[in-house]
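First up is the structure itself, then whatever we jot down about it.
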Amino acid sequence: MTVKVEVIEGGMPHNRILITGLVGALVLLYLTYLNVITGMQVFSFFGGLAAVMALWWGSHTIKVLASYGIGTGVPSAGMIAFGSGVVAMLFATKFGVAAPIVAVIIAAIVGAIVGFLANDVLSMHIPVMIKSLTELAIVGALTLLGFAAMMTGSFMIPSLITKSFPILGITLVSYDATFLAFIGGSLIAVVFFLGAIAIQHPFNACLGPNWTQDRMLMLSLECGFISMVVAAIMSFALIDVASALISLIIALVGWWYTYSHYIALSKRDAAAWLDAKPIPELEAQ
């Protein structure tokens, strides 16, 4: 029998975080479709913001799951999230404009299956296991899709397996340079680990007797933006310089803003524990 070992009063309810993260990530992903409509790539940064929003939601899902006494499984949860999510993400990219919605549906199915196996076959018997792993699979798929859209300009399969070359104002697509593409160049593997680390680090860094939700969620945003910085740098090889530069600037500004606020919240929580007394030692028996 698994007993929940941590109860946090107050803060934003998890279901509100779930809805905000899911809807926000989907809306931002679809804003990258403006690239297709306009024939430009300047709207690619919306994909990075979608990934940040998904990671913000996913970090709290890991906190909910880990509150049942499996803190040592936090890194594993991050890997499961993206291991399940990459299956849904790659499958969904072939469905054109419907890709984000398809990714959510497929990821939910894969996550639920993995959750069932962990809970009922491996007998972990954690009340929120199936729900949490379903959420994490969706988070993984949306994060991968978001960074893919930011780095290539689109979330559809042609942009992930080809390389575009601007020549005299005309964009040419080459199928011979797949080693430079998002998938062929293994950039998807880098994004996988950027997301997996970013989703599990916030709770690992903030857990303890002075855990506060706002501080952890701010750190999750900071981790998301620093991952976006790395992805934006890699995007210079795949999209035009101006579009990649916009993504990089937005990522750097977002990172500095969230990092500054995280430090302020850390100082607040540290000061709140200055008067805490040490745990008394037991007398020798």
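Throughout, read-outs are computed from the coordinates displayed, never taken from laboratory work. The shown structure was predicted, so the numbers you read here are calculated from the model rather than taken from an experiment. Heads up, the Cβs are rebuilt from the backbone with ideal geometry, glycines too, and the neighbour counts pull from every protein chain shown.
Packing order of peptides 207-216, 251-260, 82-91, 126-135, highest average first: 82-91, 126-135, 251-260, 207-216 (average count of other Cβ atoms within 10 Å over each peptide's residues). If you bin all the Cα-Cα distances of region 35-118 at 5 Å, starting from zero, the percentages per bin are 3, 12, 17, 24, 18, 11, 7, 4, 2, 1, 0.
Calculated FRET efficiency, residue 15 to residue 189, Cβ-Cβ distance, R0 = 35 Å: about 0.60 to the nearest 0.05. Summary of packing: across the peptides 225-234, 47-56, the per-residue average of other C-beta atoms within 10 Å ranks them, highest first, as 47-56, 225-234. Each peptide in 30-43, 186-199 gets a packing score, the mean of other Cβ atoms within 10 Å over its residues, and the list from highest to lowest is 186-199, 30-43. Ordered by the count of other Cβ atoms within 10 Å of each Cβ, fewest first, 76, 59 give 76, 59. The HN-Hα couplings worked out from phi for region 92-107 by the Karplus form 6.51 cos²θ - 1.76 cosθ + 1.60 (θ = phi - 60°) are 6, 4, 7, 9, x, 5, 7, 3, x, 5, 4, 4, 5, 5, 5, 5 Hz, whole numbers, x standing for Gly and Pro. Spin-label model, residue 237 to residue 264: label points 7 Å out along the Cα-to-beta-carbon direction sit 3.8 nm apart.
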